[in-house]
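Report on the following structure.
Read-outs: derived from the displayed coordinates by stated rules, not from any lab. The structure presented is a predicted model; accordingly, all values stated were derived computationally and were not measured. Neighbour counts are summed over all protein chains in view; Cβ atoms, including those assigned to glycine, are modelled from backbone coordinates with ideal geometry.
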Amino acid sequence: MNEKQNKKSALHEKEGIPQPESFSASSLEKISKSRKIQPSATELITGILAHDKVALSRGITLVESTNLTHLAKANEIISGCLPYANKSVRIGITGVPGVGKSTFIESFGKYLTSLGKKVAVLAIDPSSTISHGSILGDKTRMEELVKDENAYIRPSASGETLGGVARKTRETIILCEAAGFDTIIIETVGVGQSETAVHSMVDFFLLLKISGAGDELQGIKRGIMEMADAVVINKADGDNINKAKLTKTEFNRALHLFPAKKSGWIPTAATCSAITREGIDKVWETISNYFELVKANHYFEEKRKEQNQYWMMETINEQLKSNFYNHADIIKLLEANKKAVANNEISPFAAAMQLLEKYFKK
């Protein structure tokens, strides 16, 4: 028995060389100290106006932050950048998942930088309703554009915002314009019936489509088609060229069924291939023609003014909502009312009224 106890198992662990430290203590200390040193709002504004992409990224991070301690600093940065904004054209791009939005934007962005444009891409990635996480993989997809000195790509999570835009996209546009970017491209998470948000912050709204996906009849439906200033059928390459041309014809017919736009612009459909870059120049030509028209008839300035008013009201709504949910008394009462509603002790409407009455009596 003693021999069995003394005998080592074949699975026993031998003593070996101890694992060395996987990091340098001195380097870790330096990194920790540098992270504690946060640039002031004035320093970030100076950096943004000097076209420093690092300062721009840090400024956008503050603007997007939900931490209430960052709010004052973020507002100071926005105010400091505002006088230098509004000097770009803003293009919204949307389409069903798989239509090739990221590939199109990379080809389109590279074409624009070849013309001497400075392009900022605000790519909105969908957030999971379960884990609340987001992949933010647009920089990986746009591997050529991300290396371009005249381009800047900022992926952001959509969060709980409807319409496929991040909560702070509007403010991010201001910072990008102040940083010298003259063409702002906003990529939405995908097409739907709640694209009003992105439409209300861009000058030109581009809808990407693909042929052979069974969605040609969507051309006669209201909603997104009414917002589109142009429809582009992507992936018009290889064996798909003829199908894409047929789809373009169908959409051109459908676009003429809608009422005339206030801008005086008549939307058109076109084809392109983001892979071969065939037709990309024609897309920019269409967009340029649009801007030439709306700047001549002053619709461009009129729309910008309407958008500013819209976003003032949206900011008020957002701030009221934020203040409501962060109020100490509401936080306590909210949990109690949630349980009561779940147990059918009170109706959802009565519970909501209790919370609102409590908030307005504060």
Sorted from fewest to most neighbouring beta carbons within 10 Å, what does the list 28, 175, 255 look like? 28, 255, 175
I need 101, 338 ordered by Cβ neighbour count within 10 Å, fewest first. 338, 101
I need the shape label for the stretch 38-80. Rule: rounded when a/c is under 1.5, else prolate if a/b > b/c, else oblate, with a, b, c from the alpha carbon gyration tensor. prolate
Least to most buried among 256, 199 (fewest other Cβ within 10 Å first): 256, 199
Local electrostatic count at residue 107 - Lys and Arg +1, Asp and Glu -1, tallied over other residues with Cβ under 10 Å: -1
